[in-house]
Amino acid sequence: MDDFNGPFLLADRLWEAHSLLSQLSGELSDGSPVELRDERVRGLLTVLFTSVFRAAGRSEAPGLLSRSAQQLITELADRRIHERLRAVDLADAVDLSPDYFTRVFRRTFGMPPREWLMRRRIRHGAWALDISDQSITEIAHALGYLDPFLFSRQFKLTMGMSPQTYRRKQRLDGPPAGIRPGPAPRLPPFRGLRL
């Protein structure tokens, strides 16, 4: 059986889908005239997909970003990790006003967007230190830091140790869980920041 690698929706508490699927199955196995059956099947499919899409877009709790919005901004941040994204860029991605987005982001993630973005960049830096032989300056530049000392300061603030100490400790302790031995991927080359 092949793994499904296409886009998907994650929807919790979708109880009405079970009854709709049962009705749909009944319609398809019913011996009624084709023209009537096709109309009923189309109607049931419309209701089923509407229910699924609404459930997938719901927030887990009022005043929080939905899972799909969280996934979208995480993918955006990871895809553009070498850029200086701002809260307004993330807000635009999920079609929210910057002020509302910042409030709801803080409630969802427990920190402001700027800090979350910085921590995300540092996490990517730690991963690069784990698996590559690139210098700390090369990693800092690949992550969009013009100043490698700023990267080192933020790394120490986030991880509790300098990048050098972190790399040494990781090499002594062995590769991190889930990382297979093999050629280390390289971060994209530094292309500067867009202003």
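The values are calculated or read from the model by the stated rules, or taken from the named source; none is laboratory data. All values reported here derive from a predicted model rather than from experimental measurement. Here Cβ is always computed from backbone atoms with ideal geometry, including for glycine, and neighbour counts include all displayed protein chains. Note: areas computed on protein heavy atoms with side chains; ligands, DNA, RNA excluded. Shrake-Rupley method; radii C 1.70, N 1.55, O 1.52, S 1.80 Å.
List of remarks:
- Rolling a 1.4 Å probe over the heavy atoms of the protein chains gives the range 48-150 an accessible area of 53 Å² per residue.
- Expressed as a whole percent, the accessible area of the range 74-142 that falls on carbon and sulfur atoms is 47 (1.4 Å probe).
- Taking a ≥ b ≥ c as the square roots of the eigenvalues of the Cα gyration tensor, the range 122-165 is oblate, since a/c reaches 1.5 or more and a/b is not larger than b/c.
- Where only alpha carbons of the range 33-167 are counted, the Rg and the Dmax (Å): 21.2, 74
- Amide H to amide H, with H built 1.01 Å from N, Leu65 comes under 5 Å of Thr108, counting only residues 5 or more places away or on other chains.
- Cβ-derived FRET efficiency at R0 35 Å, Leu28 paired with Asp173, nearest 0.05: 0.05
- Chain lengthening between Thr46 and Val88 when straightened (0.36 nm per residue, less Cα-Cα): 11.6 nm
- What the phi angles of the range 115-123 give under the Karplus curve with 6.51, -1.76 and 1.60, with θ = phi - 60°, is a coupling list of 5, 4, 5, 5, 5, 5, 5, 5, 4 Hz, glycine and proline written as x.
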